[in-house]
Amino acid sequence: MQRVLPDGVAERIATAGRVVVFTGAGISAESGVPTFRDALTGLWSRFDAYELATPEAFEADPALVWGWYEWRRAAVRKAEPNAGHVAAAALQALVPGTVVVTQNVDDLHERAGSKDPVHLHGSLFAPRCVAGHPFDAPSGDDDVPDDLGPVPPPRCTACGALVRPGVVWFGEALPRAAFTAAVEAASSCDVLLSIGTSGVVYPAAELPVVATRSGATVIQVNPDETPLDDICDVNLRGTAARLLPALYAEVKEVTAGGR
Ligand code: APR
C-alpha cells in the first residue's frame with residue numbers, strides 16, 4: 001500500500017499513549033451521508049439551517065423540523081460505514097487509549113465498531129422531549145419515511161411534551177459531559193487526527209488547537225484546505241476512505257515491528 005505519512009509519524013502514532021480521532025461530516029460523505037458545507041451537495045446549500053436546525057425553528061414549525069430529521073435518519077439507516085470509519089475503529093483497537101470524538105449525529109462510527117465515540121453534537125438516534133426525558137421510539141420505528149415532508153413529532157410518554165431530535169442546534173450549548181471529555185482528551189493526547197471537518201464550527205473546532213497547544217502532533221485528512229491547515233503538523237490531501245486505511249496500515253506495520 002502506498003505510504004501516506006511523512007517519516008516518523010507512523011511511529012509517533014504507534015507509540016502514542018493517547019490518540020484522538022476527531023471527525024466531521026467528511027468521514028461519512030463516502031457513505032452517501034451529505035456533508036453540511038460542501039458546495040451544492042452540502043445540506044446547508046440545499047436547506048436553510050436557520051429554518052431547520054435552531055430551537056426557534058422547532059418552536060415555529062415542529063412538524064417541518066421533525067420531518068427533516070426523520071428524512072436524515074432514514075438516509076443514515078440506509079448508509080453503511082465506509083473504509084474510513086472501519087480504519088478509525090481498527091486504529092482504536094490497535095492503539096489503546098484512542099478516543100473517537102465526532103461532530104457527526106450519525107451512528108456510523110458505532111456500526112463500524114468504534115467503542116464509545118464522544119458525540120459532541122448529539123445523535124439522530126437519541127430523541128428526547130423538550131423537558132429532557134429520553135424518548136424511546138415505539139417499535140416499528142423502522143418505517144421512517146424517506147421522502148422529505150412535515151411529520152408531527154410524537155409526544156413524551158412521561159410528560160406529554162413534544163419530542164425533539166437529540167441533536168445540538170445552532171445557538172445551543174454542547175452536552176457538557178461530552179465536551180468536557182473531548183477537551184480533556186485533546187489536552188492530554190500525543191496525536192490528534194482531524195478528519196473530514198471544515199473546522200469552522202465552534203467550540204468543536206477548538207479541539208485541534210487545544211491539542212497542538214498541549215504539544216500533540218496534529219494530522220489533518222481532508223481533500224480541501226481548511227482553516228486548520230496552519231495549525232496542523234501534517235496535512236494529508238485526500239478522502240477519509242482512501243487515506244485512513246493507508247494510515248492504519250503504516251501504523252500496524254510499525255506495531256508489528258515491520259519497520
Ligand atoms: N473525506 C474527508 N473529508 C471530506 C470528504 C471525504 N470524503 N468529503 C468532504 N470532506 C471535507 C470537506 O472538504 C469539508 O472540509 O469534510 C469537510 C466537511 O465540512 P462541513 O460540511 O462543514 O462539516 P463539519 O465540519 O462536520 O461541520 C461541523 O456544523 O452544520 C454543523 O452541526 C453540524 O456537526 C456539524 C458542524
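Where a number appears in this text, it was derived from the coordinates with a stated rule and is not lab data. These numbers come from a predicted model, not from an experiment. When we count neighbours, we look across all protein chains shown, and the Cβ atoms used for this are built from the backbone with ideal geometry, even at glycine.
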Problem set entry | Reduced Cα scattering model of the stretch 1-88, Debye log10 I(q)/I(0), q = 0.20, 0.22, 0.24 Å⁻¹ | -1.03, -1.14, -1.24
Exercise. Can you give the net charge of the other residues whose Cβ lies under 14 Å from the Cβ of residue 192, counting K and R as +1 and D and E as -1?
Worked result: -1
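Counting only helical runs of four or more DSSP H residues, what would the 222 nm mean residue ellipticity of the chain come to if each run contributes -39,500 (n - 2.57) and the total is spread over all its residues?
So the calculated ellipticity at 222 nm is -10000 deg cm²/dmol.
If you take the Cα atoms of the stretch 1-52, find Rg, then find the Kirkwood Rh from the mean of 1/r over all pairs, what is Rg/Rh? Show your work: numbers first, answer last.
Details: Rg = 17.0 Å, Rh = 14.1 Å.
Ratio of gyration radius to Kirkwood radius for the stretch 1-52: 1.20.
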Seminar exercise, completed: In degrees rounded to 10, the 0-90 angle between helix 62-78 Cα long axis and the longest Cα principal axis of the chain is 40
For this session: Note the angle between two axes, namely the Cα long axis of helix 176-188 and the longest principal axis of the Cα atoms of the chain, as a number of degrees from 0 to 90, rounded to the nearest 10.
Result: 10
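Give, rounded to the nearest 20 debye, the magnitude of the charge dipole that the stretch 126-239 has about its Cα centre when Lys and Arg contribute +1 at Cβ and Asp and Glu contribute -1 at Cβ. Kindly include the intermediate steps, with their values, before the conclusion.
Numbers: 6 positive and 15 negative charges, 99 e Å.
With only Lys, Arg, Asp and Glu charged at Cβ, the dipole is about 480 debye.
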Problem set entry | Cα convex hull volume per residue for the chain (Å³) | 124
For this session: Output the Kirkwood hydrodynamic radius of the stretch 42-181, Cα pairs only, in Å rounded to one decimal.
Result: 16.2
Exercise. Of all DSSP beta bridges in the chain, what percent run antiparallel (nearest 5)?
Worked result: 20
Problem set entry | For residue 218, residues with placed amide H under 5 Å, excluding near neighbours | 192, 233, 234
For this session: Please identify every one of the GluC sites (Glu not before Pro) in the stretch 192-259 that sits in a loop by DSSP and has no more than 10 other beta carbons within 10 Å of its own beta carbon.
Result: none
Seminar exercise, completed: Computed Rg/Rh for the stretch 204-259 (Cα atoms; Rh = Kirkwood radius) stands at 1.03
Seminar exercise, completed: Rounded to the nearest 10, the angle in degrees between the Cα long axis of helix 83-94 and the longest principal axis of the Cα atoms of the chain comes to 60
Seminar exercise, completed: the stretch 205-251 and the stretch 1-23 have their Cα centres apart by a whole-number Å value of 10
